[in-house]
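Taken together, the values in this text are just the output of simple stated rules run on the coordinates, not laboratory data. Owing to the predicted nature of the structure, the values given are computational and were not obtained by experimental measurement. Glycine also receives a Cβ, built like all others from the backbone with ideal geometry; neighbour counts cover every protein chain displayed.
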Amino acid sequence: MSYSSELKEYLKQKETENKKECCRKAHRAGLELEKAEFVCEKDRGCYLRGVFIACGSMTDPDKQYYVSFSGSGAEIAAEALISCGITPLFGTRKGRSIVYLRESDAISDFLAAVGASKNALGLLEIGVINSMKREANRKNNADLANLDRTATASAEVRSAISEIISHKDYRKLPEELKETAKLRLENPSLTLEELRLIHAKPISKSGLYHRLKKLTELSLKYK
């Protein structure tokens with residue numbers, strides 16, 4: 001059974017909980033796609049519930065956020081949604097008018113209005129999970145970008161150090177630059193933080209950066 005069919009079955013069972021005659025009457029009017037008068041505050045939700053059962057459908061939110069009403073009930077559905085404070089979207093499908101919802105907030109409001117609280121909570125849970133996935137992907141992409149920048153910077157510095165060595169100028173370097181050059185060549189994959197920690201004497205990250213920059217600048221005279 002599809003998600004939409006399961007939702008409709010749940011809403012049909014939900015309707016048996018209506019104890020007020022005005023709510024039952026509003027629901028029947030919705031099922032028949034007729035105009036209705038609202039007496040109590042629950043009538044609008046009962047009416048929208050009937051309209052959805054009669055001409056609506058909902059896609060599994062795990063795949064797509066989409067609620068639609070089509071056919072002769074599209075206009076009635078639009079009025080029912082608006083009466084519940086939900087702004088619908090309008091379009092056509094195969095030459096027929098449709099009314100639909102695409103935003104998760106609007107769909108959550110719709111589910112709450114028709115009494116499908118468990119589905120509304122499920123939609124909220126899916127939204128949280130999707131948000132966590134997007135954040136994890138964003139962080140992963142940022143980490144990969146940082147690794148790529150680190151690798152590129154390391155390669156550039158090692159190339160500069162190799163230039164200095166090939167021109168016999170390594171022995172002329174101050175001792176601290178010699179140490180940094182040697183450690184960079186021996187540990188090409190280390191980050192600046194990791195590289196600074198293996199120096200014999202304590203050095204800050206900015207201090208290490210300036211040493212590497214100095215090595216790069218010294219190699220430019222060979223270009």
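At-a-glance table
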| quantity | calculated |
| --- | --- |
| Segment 40-80-segment 88-139 distance, computed between alpha-carbon centres (Å) | 13 Å |
| Given charges at beta-carbon only (K, R positive; D, E negative), |dipole| of the chain in Debye | 980 debye |
| Mean ellipticity per residue at 222 nm, deg cm²/dmol - from DSSP H runs of n ≥ 4 across the chain, formula -39500 (n - 2.57) | -20500 deg cm²/dmol |
| Segment 90-139: GluC sites (Glu not before Pro) in DSSP coil with no more than 15 other Cβ atoms inside 10 Å | GLU103 |
| Cβ-derived FRET efficiency at R0 41 Å, THR16 paired with LYS139, nearest 0.05 | 0.30 |
| Selection from VAL39, VAL51, ILE165, by position along the positive dipole direction of the chain (Cβ) | ILE165 |
| Spin-label model distance (nm) - ARG158 vs LYS182, 7 Å beyond Cα toward Cβ | 1.9 nm |
| Reference-scaled alpha-carbon Rg (2.2 N^0.38 Å with N residues) for segment 1-118 | 0.97 |
| Rough spin-label spacing in nm, given labels placed 7 Å along Cα→Cβ, for GLU193 and ARG171 | 3.9 nm |
| At most 16 other Cβ within 10 Å, DSSP loop - GluC sites (Glu not before Pro), segment 1-47 | GLU17, GLU32, GLU34, GLU37, GLU41 |
| Residue of LEU123, LEU33, LEU197 that the Gaussian network model of the chain assigns the largest fluctuation, springs spanning Cα pairs under 10 Å | LEU197 |
| Taking the C-alpha atoms of segment 134-222, convex hull volume expressed per residue in Å³ | 95 Å³ |
| FRET efficiency, HIS210 to GLU103 (Cβ-Cβ, R0 45 Å, nearest 0.05) | 0.30 |
